[in-house]
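The values are calculated or read from the model by the stated rules, or taken from the named source; none is laboratory data. Worth saying up front: this structure is predicted, and the values here are computed from it rather than measured. Cβ placement follows ideal geometry from the backbone for every residue including glycine, while neighbour counts extend to all protein chains displayed.
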Amino acid sequence: MWICGVSPIRKSEIMKYRVLLLGSGGREHALAWKLAQGNRLEKLFIAPGNPGTATIGENVAIAATGFEALKRFTLEQKINLIVVGPEEPLVNGIADFFADDEATDKIPVIGPCKRGAQLEGSKDFAKNFMQRHGIPTARFRTVTAGTIAAGEQFLDELQAPYVLKADGLAAGKGVLIIHSRDEAKQQLRNMLQGMFGAASSKVVIEEFLQGIELSVFILTDGKNYKLLPEAKDYKRVGDNDTGTNTGGMGAVSPVPFATPGFLQKVEQQIIQPTIAGLQQEGITYKGFLFFGLMNVNGAPYVIEYNVRLGDPETEVVLPRLQSDLLDLFEGVAQQTLGTKTCAIAPATAVAVMCVSGGYPGTYGKGYPITGLQDVKGSTVFHAGTAQQQDTPVTAGGRVLAVTSLAESLPAAREKTYAAVAAIHFQDMYFRRDIGVDCLHEEDGRRDDFNKPQ
Ligand code: AMP
Ligand code: GLY
């Protein structure tokens, strides 16, 4: 029987989405930008969003962790898909909150349940999960205030440098890499005594892995997964990887040393056992999963899991995605991801972060940003900006991510740096060497990325 003259099949073919996207950084601007490119989007809201997302959808002044307020909003606005950018709402259980909620008709959430989010929320949980499922990762020992002696004994077994990690979320700051064993023992005590608050009441000590880092991302419905483009993030503030760690100063995709053979090992030894392990443990995982990897002489090891996309990695991953992101999200929500196409452009993307001078330490805010209208052929994603009347101003450490897509790494670098040169604000700083280390490794492997999976 037809209802209102539309057959059920026809109706599902034209299913449109009223999406609520959570978060406020460059990653969320890139997600909004990509969602708006498809033809299935009826309306996009971003909570709380930023001036960049405001040019694409409607920003809503609700925090990404304000579950009750988000629920009221989803009911008012008839939202039928929630997409979560940052980890905090996931670790706090937003997917479970909506899955258990009859009033909102169990709106699908792109993001794992609270137990799945423990892969990022607890290093101890992640390491034990990997151990249970035979996933390659560095040797480790978890220490609490009551087991310091065992921790010190483990440090005695290891070679320098020593890796100490706060178990819980510590805003990307909870990892110490220390060269002297005595200092490592002292810092272990400091961490257990609250150096990172409750996050370091448990500490994971790890063997140091020597290799090259890269990040691999998947989107999964819990059973099927799609491999997204891999990326390399540049974490140190200074050129040639010098200075303090930051949230990320730039990114490139593809990564030349991620050869098809290496990526096959990643799928077989890491991605597939992770999905199988989640299923075996009855963990509902519908969303992005980010594998922080170390390539140790051609063998992949997991350094960390993140239960979301990376920032600025998203700003190079999504520009290479040719398929409709909303169609893929529908596959996640309905557990039909295996029927969807995930086509990746064989092009190279380079993103450079324009940051406030002083970042990741103290920096000024409220400086007018000029030149955005002169950027041609590149995309500028807002990360830490605010709008003052008609003028965008700086409002955070990482201010803008400038991304370009081109047929080669040199061409993508040239486009991005030309765009960065057009942009100005007081004390603006950026790394000049994003992608330089990959230049000599670039080869003809990119054709492999053109195949739909
Ligand atoms: P994480 O927050 O776990 O990603 O750690 C932050 C950074 O510390 C990583 O991006 C690596 O550069 C480094 N790191 C973490 N664990 C190890 C390890 N076991 N061996 C070598 N480097 C590591
Ligand atoms: N850029 C690293 C991260 O998003 O965790």
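Residues that are in contact with a strand residue (DSSP E or B) (Cβ under 9 Å, 6 or more places away or on another chain) and closer than 26 Å to residue 40 by Cα were ranked within the range 105-123; the one that is farthest from ligand 2 (Cβ to nearest atom) is 107. In summary, helices (runs of 4 or more DSSP H) completely within the range 46-104 and bearing 1 or more residues that are within 30 Å of residue 391 (Cα to Cα) occur at 67-76.
The single residue among 188, 278, 209, 214 that is of a type in the set (A, V, I, L, M, F, W, C) and more than 16 Å from ligand 1 (Cβ to nearest atom) turns out to be 278. Residues of the range 282-293 that are within 16 Å of ligand 2 (Cβ to nearest atom) and either within 27 Å of residue 434 (Cβ to Cβ) or polar (S, T, N, Q) (or both): 288, 289, 290, 291, 292, 293.
Residue 142 passes every criterion in (1) part of a helix (DSSP H, G or I); (2) surrounded by 14 or more Cβ atoms within 10 Å (Cβ to Cβ); (3) out of contact with any Gly (no Cβ under 6 Å at 6 or more places or on another chain) apart from (1).
Being within 16 Å of ligand 2 (Cβ to nearest atom) and touching a strand residue (DSSP E or B) at 6+ places or on another chain (Cβ under 9 Å): is that true of residue 372 here? Answer is no for this residue. Out of the residues in the range 196-238 that are within 16 Å of ligand 2 (Cβ to nearest atom) and of a type in the set (Lys, Arg), which is surrounded by the most Cβ atoms within 10 Å (Cβ to Cβ)? Taking the candidates together, the pick is 232.
With respect to being without any contact (Cβ under 8 Å) to a residue 12 or more places away in the chain and of a type in the set (D, E, K, R), residue 390 fits the description. Against the list (1) aliphatic (A, V, I, L, M); (2) within 26 Å of residue 274 (Cβ to Cβ); (3) modelled with pLDDT under 95, the condition residue 188 fails is (2). Can you say whether residue 91 is within 16 Å of ligand 1 (Cβ to nearest atom), of a type in the set (Val, Ile, Thr) and at pLDDT 95 or above, as far as the supplied structure shows? Yes. Picking from residues in the range 58-70 that are touching a Phe, Trp or Tyr at 6+ places or on another chain (Cβ under 6 Å) and more than 15 Å from residue 94 (Cβ to Cβ), the one that is surrounded by the most Cβ atoms within 10 Å (Cβ to Cβ) is 60. Scanning the range 40-57 for residues that are over 21 Å from residue 393 (Cβ atoms) and surrounded by fewer than 17 Cβ atoms within 10 Å (Cβ to Cβ) returns 42, 43.
State the number of residues belonging to the range 212-253 that are more than 29 Å from residue 336 (Cα to Cα) and assigned to a loop (DSSP other than H, G, I, E, B). Total meeting the criteria: 9. From the list 94, 62, the lone residue that is more than 18 Å from residue 275 (Cβ to Cβ), in contact (Cβ under 8 Å) with a residue 40 or more places away in the chain and hydrophobic (A, V, I, L, M, F, W, C) is 94. For the range 158-165, the count of residues that are within 15 Å of ligand 2 (Cβ to nearest atom) and either outside any loop (DSSP other than H, G, I, E, B) or within 23 Å of residue 293 (Cα to Cα) (or both) is nonzero. Count of the range 392-436 residues, restricted to those that are outside any helix (DSSP H, G or I), crowded, with 20+ Cβ neighbours inside 10 Å and among the basic types (Lys, Arg), is 2. Residues in the range 161-195 that are among the charged types (D, E, K, R) and farther than 30 Å from residue 257 by Cα were compared, and the one that is surrounded by the fewest Cβ atoms within 10 Å (Cβ to Cβ) is 182.
Among the numbered conditions (1) more than 16 Å from ligand 2 (Cβ to nearest atom); (2) farther than 28 Å from residue 396 by Cα; (3) touching a strand residue (DSSP E or B) at 6+ places or on another chain (Cβ under 7 Å); (4) not hydroxyl-bearing (Ser, Thr, Tyr), the only one that residue 179 does not meet is (3). Across the range 144-174, the number of residues qualifying as touching a Lys or Arg at 6+ places or on another chain (Cβ under 7 Å), within 16 Å of ligand 1 (Cβ to nearest atom) and at pLDDT 90 or above comes to 7. Picking from residues in the range 128-171 that are among the charged types (D, E, K, R) and over 31 Å from the mean Cα position of the chain (by Cα), the one that is farthest from residue 194 (Cα to Cα) is 157. Taking the stated definitions as given, is residue 78 among the basic types (Lys, Arg), at positive phi and at pLDDT 90 or above? Yes.
Here the range 126-143 is the region considered, the condition is being among the aliphatic types (A, V, I, L, M) and more than 16 Å from ligand 2 (Cβ to nearest atom), and the residue that is modelled with the lowest pLDDT is 143. Every listed requirement among (1) closer than 13 Å to residue 204 by Cα; (2) within 16 Å of ligand 1 (Cβ to nearest atom); (3) crowded, with 20+ Cβ neighbours inside 10 Å; (4) not hydroxyl-bearing (Ser, Thr, Tyr) is met by residue 129 save one, (1). Would you please name the residue that is surrounded by the most Cβ atoms within 10 Å (Cβ to Cβ), looking only at residues in the range 294-320 that are under 19 Å from residue 206 (Cα atoms) and within 10 Å of ligand 2 (Cβ to nearest atom)? Ranking the candidates gives 306 first.
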